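Okay, structure first, notes after.
Values quoted throughout were computed directly from the atomic coordinates according to the rules given, and no laboratory measurement underlies them. Everything numeric in this text was worked out from a predicted model, so none of it was measured. Methodologically, a virtual Cβ is constructed for each residue, glycine included, from the backbone with ideal geometry; neighbour enumeration extends over all protein chains shown.
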Protein chains: 2
Amino acid sequence: MSQHRHPGAPGRAGAVPTLPDLPEATVARLPEYLRALHNLADTGHETVSSEGLSAAAGVNSAKLRKDLSHLGSYGTRGVGYDVALLIEQIEYVLGLTQRRAVALVGVGNLGHALAGYDGFASRGFRIAALLDADASRVGEEINGLVVRHIDDLPTVAAAESLAIGVIATPAAAAQQVADQLVAVGVTSILNFAPCVLSVPEGVDVRKVDLAIELQILSFHEHRKASLTALPATGGAALTALPGGFAATDTQEAIGT
Amino acid sequence: MSQHRHPGAPGRAGAVPTLPDLPEATVARLPEYLRALHNLADTGHETVSSEGLSAAAGVNSAKLRKDLSHLGSYGTRGVGYDVALLIEQIEYVLGLTQRRAVALVGVGNLGHALAGYDGFASRGFRIAALLDADASRVGEEINGLVVRHIDDLPTVAAAESLAIGVIATPAAAAQQVADQLVAVGVTSILNFAPCVLSVPEGVDVRKVDLAIELQILSFHEHRKASLTALPATGGAALTALPGGFAATDTQEAIGT
DNA sequence: CGCGATTTGTGCACGTCTTCACAAGCGCCT
DNA sequence: AGGCGCTTGTGAAGACGTGCACAAATCGCG
């Protein structure tokens, strides 16, 4: 029937089924689709159209179809996508068929919350160890897990198949922790510390910086404010501006 | 001297100094530059080259120069950028010259951590209120702030100039909270709940989903694993594959 | 059995982002 | 004063991502 073939293995019939190498943008959206699909499955839907799924995931429907087509997806024209099948496929592509072990380093304010966050457990991950450098925190029990000292990392890595690490330490400690993680074979790091990590090639780092997100929002606030204020106040708004670049720039323009 | 003009106000001489409308990608990087610059300032640097700053921020130096040029930046050729001046400019563009008030809704696991996170305070924000719908949490004191009931939101908004809200509730409550925030005039929302929010036009929403970040890393893990495994095992790897799409696809290819 | 309604998958054009490479500008040294 | 080395700012090209619009495919119904 369907002559479907992966984009990743185009010509060679019977070629090894390497993962199609998806565009990064697509990969970043797949988890969102997955979440929406689980919701749909829980509410009894068996199939869903690209229109319906894209609405649930908050994206354009054409984009969704293109994304799914990249993974050689099985929709049926005139009907839509089989929810269960699509879940299975996306979970396979994302490597979620096995529950991945994650080491969480840094049990401070944020690390504490992460340790208790159900979202990790419910979406394919298992916190295999809580680690901290602070001896006074070692031994503390959080959510059924005991905090161990960071020096136990090699032991933990030996006992578990540990590929992913989460860094929730202060920025000053992050690089050292990253080095330790890499040393025991971790090849993916989720970094919550506000700093740049340098890691060897082959190691993936994703960064989440809560303050940065707010600062981006702040920019848009600033922009919205300046847009709505100016048409009303006209040139008078000039005097309200801080010294920075805008004033300099503007003064030159006026001086001409 | 410098005939500099904002891209945002191209032709009109003496035009109102609207913010240059920066590319979204640039906006997302400015906070990172800002953080790097603060580090440099703290370590006594007065100027920095694009090479140096880009290294500290973890980006390409050409990209950094282009980003900075977008905001009509003042570097000096042969020397570099004045650290203090650049900080001032970026902070102005990001709207951080005023300390912005933020309402944090949802004081569960994550909200608790966010309430205690210094990064907000140290980077231009002030948590103006902690709110929760759970009456048993109301009255609790976190980091010097008392948790108030979500119904007090209008009161809070009236007392403060409140433009930014952070949602750290369970997904089920997020949409309702978003509506309430919008109703009191919030125009930027940072959403930690794993769901899509629908908001009126003019309201910005940024989403942070911790599990999604891990799932993206998981994909890369999966990919790395399949890349290193296949050349060694060859076609035998076929039998090791899960039932999902790969098997279906492959079996068809084999069956032919 | 054929037709129309519906929905997927995708070619194409457009816009955005990235990167290279280099001219223009600046300071320093002689 | 002049030249030299360094660094910025930017034009142009290419890679990437997006969205439209439509042909191809499937189902259900008469």
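Worth a mention:
- Rotation relating A and B, chain B residue nearest the axis via C-beta, angstrom: B:ALA113, 2
- At 1.002 mPa s and 20 °C, Stokes diffusion of the stretch A:86-146 via Kirkwood alpha-carbon radius, µm² per second: 169
- Modelled this way, with points 7 Å down the Cα-to-C-beta line, the labels at A:ARG77 and A:GLU160 are 4.7 nm from one another.
- Cα gyration tensor shape for the stretch A:138-185, rounded if a/c is under 1.5, else prolate or oblate: oblate
- For B:GLU213, net neighbour charge (Lys/Arg +1, Asp/Glu -1) across residues whose Cβ lies under 15 Å away: +1
- Extension gain from A:GLU24 to A:SER49, taking 0.36 nm per residue of separation minus the Cα-Cα distance: 6.6 nm
- Ranked by how many other beta carbons lie within 10 Å on average, peptides A:126-138, B:109-121 from highest: B:109-121, A:126-138
- Segment A:THR228-A:ALA121, length gained on full extension (0.36 nm per residue, minus Cα span): 34.0 nm
- Counting Cβ atoms of other protein chains within 10 Å of each residue's Cβ and taking the mean over peptide A:71-79 gives 1.
- Anisotropy class of the stretch A:100-206 from Cα gyration tensor, a/c 1.5 cut: rounded
- With R₀ set to 41 Å, the beta-carbon distance separating A:VAL184 from B:GLU141 gives a calculated FRET efficiency near 0.55.
- Averaged over the residues of A:101-112, the number of partner chain Cβ atoms lying within 10 Å of the residue Cβ comes to 2.
- In terms of its C-alpha gyration tensor, the stretch B:23-158 comes out prolate, because a/c is 1.5 or above and the ratio a/b outweighs b/c.
- Partners for B:LYS207 among lysines (Cα-Cα distance below 20 Å; same-chain residues under 8 apart left out): A:LYS63, A:LYS207, A:LYS224
- Electrostatic bookkeeping for A:ASP179 treats Lys and Arg as +1 and Asp and Glu as -1; over the other residues with beta carbon under 15 Å from its beta carbon, the sum is -2.
- Peptide B:201-213, shielding by other chains (average Cβ, 10 Å cutoff): 6
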